[in-house]
Each structure stands twice: as C-alpha cells, then as structure tokens.
Amino acid sequence: MFVQAQHKDYWSKGEILLTTGERIEGKLVYASNAEVVSIKLGNGTQKTYSGTQIESFHFLDLSQELIRHFKKSILPNESREAVVEVVFEGDLQVLRSLRPKYRRFTQEGSVFNLFPTESYDHGRFQYFVHDGVCLRTFENFLHKGFTAKTKRWKKQLEDFRYRNQLDNGVESWLKIFFYYNTLENELKSNPYYFPKAVDSTQLIVGNYF
C-alpha cells in the first residue's frame, strides 16, 4: 500500500508495534483518513503499514508538543477493529477516531497527523469512553453512565464546570473527564484522606484535546 507522505514537517520520531510482535523505531507520519502509518528507518528505507498490520504506535507530534498514542480497538457503533487515538488514560479512558464520512484514501488527499486544534474540529471525530467495564460512544456514556460513575465527585465537578464556564461541547466534557481522573488519582494516592476539591486554576490539562 502506498501513502503520499513526503512533507518533512509531518515526520516525527516514534515507534510501531506490529501485530507480529515486531517493534520498529524511526520517523513516523500517520495518514489519519486512511488509517495508514509510514516510517522512515535509519538507513533511509521507508515502509508503510495498514491498520490490519498495526497493533499500536506512538510518535512525538512537534506541532502539538505532545507524544500521541494510537492502538487498535473495536468500535461499538461500527463493530469493526479500527485505529484509534488514546486521548488520555485513567479511570476514564478516552479514545477518538475520524468519523466514517471523513475516512477515504487517495494518494493526493491524505490527511497527516490530524489533530483537533479548534473547538469545531472535534466534529470531524467520534469519541469513545472506556469506564473500566466497557467501551461506549461518548453520547451513550453521558446519557447512561456518567452520573453513576462520577457520583462521588458531583459537587467538585459542578464547581469545576462553573469556574471554567464550560458548556456541553466535546472539549468541555473532555476537560471534565480529565479532572475526574485527577480526583480519582489523588484519592488512590491518599487512601486515608478524602481530598477536597482541587482549585481548577491549579489543574494543568495540557493540549490533549
């Protein structure tokens, strides 16, 4: 399989884990709309792998100053194994994948290392949440699982939403999920101390979203 990925700005140091168990290090570029990753080896050789050959991979996205992680997962709304990006880990793991209508492959039209830099960019992606039991679509989790899962931190999460003037957009919910993970991590780190709400001004969310 061929993927046009010659622009030097897109190549970043990373590693691929193949389904065979082989690990390959080099400079990577990911064609998001085709679920195809290419790698340049130290000797100048370039190889390309399709989603069926990949188990996982990661690379340093210099444009976002972020190490981005990708893996295979079966999407609940498509019943297929797809390459998804791990937005963040924790008690709630959030994944994202390009929406089907944006997934097409042409040699000239590949979209490399696609990342939602603006709020409206999230509309090109579908998001999924793994709550420790099952993987659900973003919408399904908010409708059926969020309230029960986060009951312990209801007041803290409401205060966090108010302080940061969050709405019902994807970016706002991602920040709330990340904050929930932070609260859970603090509780697990201090098992004999029930933490008070963390001041939202001290929470570094980073540019995961």
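Summary of values
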item: Cα convex hull of segment 42-145, projected area averaged across orientations, nm²; result: 8.4 nm²
item: Ranked by how many other beta carbons lie within 10 Å on average, peptides 144-151, 174-181 from highest; result: 174-181, 144-151
item: Residue exposure sequence - Ser189, Ser119, Ser97 - by fewest surrounding Cβ within 10 Å; result: Ser189, Ser119, Ser97
item: Net length gained if the chain between Asn164 and Tyr102 were fully extended (0.36 nm per residue, minus Cα distance); result: 19.2 nm
item: Sequence-distant aspartates and glutamates (8 or more away, or on other chains) whose Cα lies within less than 14 Å of Lys144; result: Asp131
item: Calculated FRET efficiency for the pair Glu89/Glu25, C-beta based, R₀ 35 Å, to 0.05; result: 0.95
item: Distance (nanometres) between label positions extended 7 Å along Cα→Cβ at Lys72 and Asn43; result: 2.7 nm
item: Translational D in µm²/s for segment 95-147 (Stokes-Einstein at 25 °C, 0.890 mPa s, Kirkwood Rh from C-alpha pairs); result: 191 µm²/s
item: Distance (nanometres) between label positions extended 7 Å along Cα→Cβ at Asn185 and Glu118; result: 3.1 nm
item: Value of relative contact order over segment 8-149, rounded to a whole percent, pairs C-alpha under 8 Å and six or more apart; result: 19 percent
item: Too-long pairs where the Cα-Cα distance tops 23 Å, listed order kept, from Lys27/Lys175; Lys72/Lys149; Lys13/Lys72; Lys40/Lys71; result: Lys27/Lys175; Lys72/Lys149
item: Distance cut-off 23 Å, percentage of C-alpha pairs in the chain lying past it; result: 50 percent
item: Mean ellipticity per residue at 222 nm, deg cm²/dmol - from DSSP H runs of n ≥ 4 across the chain, formula -39500 (n - 2.57); result: -6000 deg cm²/dmol
item: Residue-span extension gain [Cys134 to Val111] - 0.36 nm each, minus C-alpha spacing; result: 5.3 nm
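Coordinate-derived values only; no laboratory data. This is a predicted model, so every value here is computed, not measured. Every residue, glycine as well, gets a Cβ built from its backbone with ideal geometry; the counts of neighbours run over all protein chains shown.
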